[in-house]
Each structure stands twice: as structure tokens, then as C-alpha cells.
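The values are calculated or read from the model by the stated rules, or taken from the named source; none is laboratory data. Given the structure is predicted, the values throughout are model-derived calculations rather than measurements. Reconstructed Cβ throughout: ideal geometry from the backbone, glycine too, with neighbour counts over all protein chains shown. For accessibility, only protein heavy atoms count, side chains too; no ligands or nucleic acids. Shrake-Rupley method; radii C 1.70, N 1.55, O 1.52, S 1.80 Å.
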Amino acid sequence: MDLHNIREDYSKQELSKADCANTPLPQFEKWLNEAIHSAAKEPTAMSVATVDEAGRPNSRILLLKEVNDRGFVFFSNYQSRKGRALAAHPFAALTFFWPELERQVRAEGRVEKLDAKSSDEYFASRPYTSRLGAWASEQSSVIAGKSIIVARAAAEAVKHPLHVPRPLHWGGYLLIPDRVEFWQGRPSRLHDRIQYRLEGDKWIKERLAP
């Protein structure tokens, strides 16, 4: 398979420092809103990269569930591989890619658990079967077959026919960024890259070479 000649020349939009907000989170909200309204497929999907106890990196796709004035919120099993990695090294990197807009956003920063109340509120908003799944799945553990999970979910449905409480091993994370980059594809690989970098309590906005 020859991949050498697979390429796309980007030309839809430009990005300048002057057009960007003074801080990264309002700029991200603007781009996310444009991605949602552009009919981008899975606009809230993001790669979440962590480093485990042995210093080995790993990444996976999750869904962003909130962006607020502190950062980016996502949810997971605290005992999963990513949960164990974040317990050992509470830092992560996020990447969003919206090919329909020829855009990418990367964010890096410290990660902390959400408070129990916030996790409870989001868990209660999930579909009933998803709540059962949080109990049934020992995420990232080896299982003999899919039937085991199906049986566990059925058993949880018997235990919780109406109300499914949040398991203590499941909840939210907040990534508090100290570096965010906005990438806009441009012709000839001369892409526009605007980076926000936190120094103390001040955001520095700067252009990066492509």
C-alpha cells in the first residue's frame, strides 16, 4: 500500500492572532460551536493522552461533556487504564480534529477529579442502559467473552430496576489547561497555528511556525 501521495491541500479559512480571543477557552467555545453547526461528525470527540506509572504514553477517543471557565470536562471509570494513569500522573493532552473545517485544537494541562455532586448530576442524566453499563463493566480488565458483560448488565438491571446510583469508581475529570493551540489548515502546508501559553496567571498568545 503506497501512502506517499495521499494528501489534502487546505484552503478554506485563515487564522490570525487578531481574530482570536484574548484567552483560549472562549476561542475554543467559538470553534466548537462552529464545528457543531457545520455538521461535523462527532464534534465533541477528542483524543485523550495520558502517561502511566511506567512512563508509557497511551491515548484513546472520549467525548467532551462540558467546557467551562476552568477547562474541559470528561467522564470515565476511575479504575480503568486511563484512570490509573491519571492517578499516577495527573496531566493529560487533548486533541480535537474537525476535518470539515480543516481545524485542530490541542490542549495540555493538569487533571483533577470533579466533585461528587457534579459527577452525580451528570451520571443521572445518562441513559438507563449506560448507567447499568458503568456498574457492569470493570473497564480495561480482561474478560473471557462479551456474554459476561451482558450477564452483568442484566444482573444490575435486576438490582436497579428504576434508580441507578453512580458507582464510586466512576466520575468526572477536569483538565485545567496551561497550553492550548489552534490549528487552521492552509495551502502548501503553511498552516496557521496560534498558541496560548499560561505564564503565572496571564495567557500569552503567539503564532507558531507551521
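Brief remarks follow.
- Mean residue ellipticity (222 nm) of the chain, computed from DSSP H runs ≥ 4 via -39,500 (n - 2.57), nearest 500: -8000 deg cm²/dmol
- Spacing of the two label points (7 Å from each Cα toward its C-beta) at Val150 and Arg84, in nm: 2.8
- Among 128-138, 57-67, the peptide with the highest mean count of other Cβ atoms within 10 Å heads the list, and the full ranking is 128-138, 57-67.
- Just so you know, the averaged projected area of the alpha carbon convex hull for the chain sits at 15.2 nm².
- Taking a ≥ b ≥ c as the square roots of the eigenvalues of the Cα gyration tensor, an a/c ratio of 1.5 or more together with a/b larger than b/c marks segment 9-64 as prolate.
- Average accessible surface area per residue within the chain, 1.4 Å rolling probe, Å²: 58
- Largest mean-square fluctuation among Ile148, Ile194, Ile176, in a Gaussian network model of the chain whose springs join Cα atoms under 10 Å apart, belongs to Ile148.
- Estimated from the Cβ-Cβ distance and a Förster radius of 30 angstrom, the FRET efficiency linking Asp52 and Leu208 is about 0.55.
- Spin-label model, Ser16/Arg189: points 7 Å from Cα along the beta carbon direction are separated by 2.7 nm.
- Angle between the chain longest axis and helix 146-159 axis [Cα atoms, degrees, rounded to 10]: 70
- Angstrom value of the Kirkwood radius, inverse mean 1/r, which spans all Cα pairs in segment 79-170: 15.7
- Kirkwood Rh, angstrom, segment 44-132 [1 / mean 1/r, Cα pairs]: 14.2
- Computed extension length for Thr44-Glu112: 22.5 nm, one decimal, from 0.36 nm per residue of separation with the Cα-Cα distance subtracted.
- Sorted peptide list for 184-190, 200-206, 88-94, 77-83, criterion being average Cβ within 10 angstrom, highest first: 77-83, 88-94, 184-190, 200-206
- Modelled spin labels at Ala157 and Leu63, positioned 7 Å past Cα toward Cβ, are 2.0 nm from each other.
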